[in-house]
């Protein structure tokens, strides 16, 4: 069949637009593997069994709370110390294309009263992607800086990047879940005007399970030292408070 010349450009434009739109929508949607913020509006405490080599508590606790404000969805994250006091609080914005850090506050223990907040400055804030291309080599992560009031001459930078590696399956909470494995690369840089600069690095991995979020993580610090956790159970805040009393 011969097409009139006037219809050929229109047909070519249509085909090009179709291919372009198909390509834009070809990225894999992995939103279901991150924490289900809309289901966490009453909050849950994730209890992670310690799988690292460094001494520490047998269980680490992190509280995840989904907060729906107007047109924005946030995930509030509170990590607890071995003394079951808040040691870090963060606020993440859940957007269409990924997770963005909006605030991180470190909490320093104080023997005279409640922990003292130590704000940080976010430099890079895109922490987790919601879409992966077939050649998913891009790193996603964050970079922040802070100054410890006890060491005003030292400026600390923390960088953490995650990179998708492969699909996996993980048994957790008595069931098998499809999961995503991410490799980690990070650095803690201390710039000290008196003692000089050091920049220790670390590597590791994270596994996110569909419908649960982060279920296993590990950071290799060098010389056989590591930090890590594996999800053991999920608790309501009421059950958590009863347990730690």
Residue among 159, 168, 203 that alone is at pLDDT 95 or above, over 22 Å from residue 98 (Cβ atoms), assigned to a strand (DSSP E or B) and out of contact with any helix residue (DSSP H, G or I) (no Cβ under 8 Å at 6 or more places or on another chain): 203
Surrounded by fewer than 20 Cβ atoms within 10 Å (Cβ to Cβ) and in contact with a helix residue (DSSP H, G or I) (Cβ under 6 Å, 6 or more places away or on another chain), is that true of residue 210? yes
Of the conditions (1) more than 27 Å from residue 108 (Cα to Cα); (2) not in a strand (DSSP E or B), residue 150 fails just one. Which one is it? (1)
Suppose we keep only residues that are assigned to a helix (DSSP H, G or I) and within 17 Å of the chain's Cα centre (by Cα) within the stretch 37-68. Which one would you say is nearest to residue 100 (Cα to Cα)? 37
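Each row is one residue, and each column tells you yes or no for (1) more than 14 Å from residue 61 (Cβ to Cβ); (2) part of a loop (DSSP other than H, G, I, E, B); (3) touching a residue at least 24 places away in the same chain (Cβ under 8 Å); (4) over 17 Å from the mean Cα position of the chain (by Cα).
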| residue | (1), (2), (3), (4) |
| --- | --- |
| 207 | yes, no, yes, no |
| 215 | yes, no, yes, no |
| 218 | yes, no, yes, no |
| 232 | no, no, yes, yes |
| 240 | no, no, yes, yes |
| 243 | no, no, no, yes |
Residues being in contact with a strand residue (DSSP E or B) (Cβ under 7 Å, 6 or more places away or on another chain) and over 21 Å from residue 159 (Cβ atoms): count how many of those fall in the stretch 175-193. 5
When the residues of the stretch 73-130 are filtered to those that are outside any strand (DSSP E or B) and touching a residue at least 60 places away in the same chain (Cβ under 8 Å), which remaining residue is surrounded by the most Cβ atoms within 10 Å (Cβ to Cβ)? 130
Taking the stretch 175-192 and keeping residues at pLDDT 95 or above and farther than 21 Å from residue 140 by Cβ leaves 175, 176, 177
I'm trying to understand the selection: among the residues of the stretch 26-60, which are without any contact (Cβ under 8 Å) to a residue 60 or more places away in the chain and out of contact with any strand residue (DSSP E or B) (no Cβ under 9 Å at 6 or more places or on another chain)? 55
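The values are calculated or read from the model by the stated rules, or taken from the named source; none is laboratory data. All of these numbers come straight from a predicted model, not from anything done at the bench. Don't worry about glycine lacking a Cβ; one is built from the backbone with ideal geometry, like all the others, and counts go over all protein chains shown.
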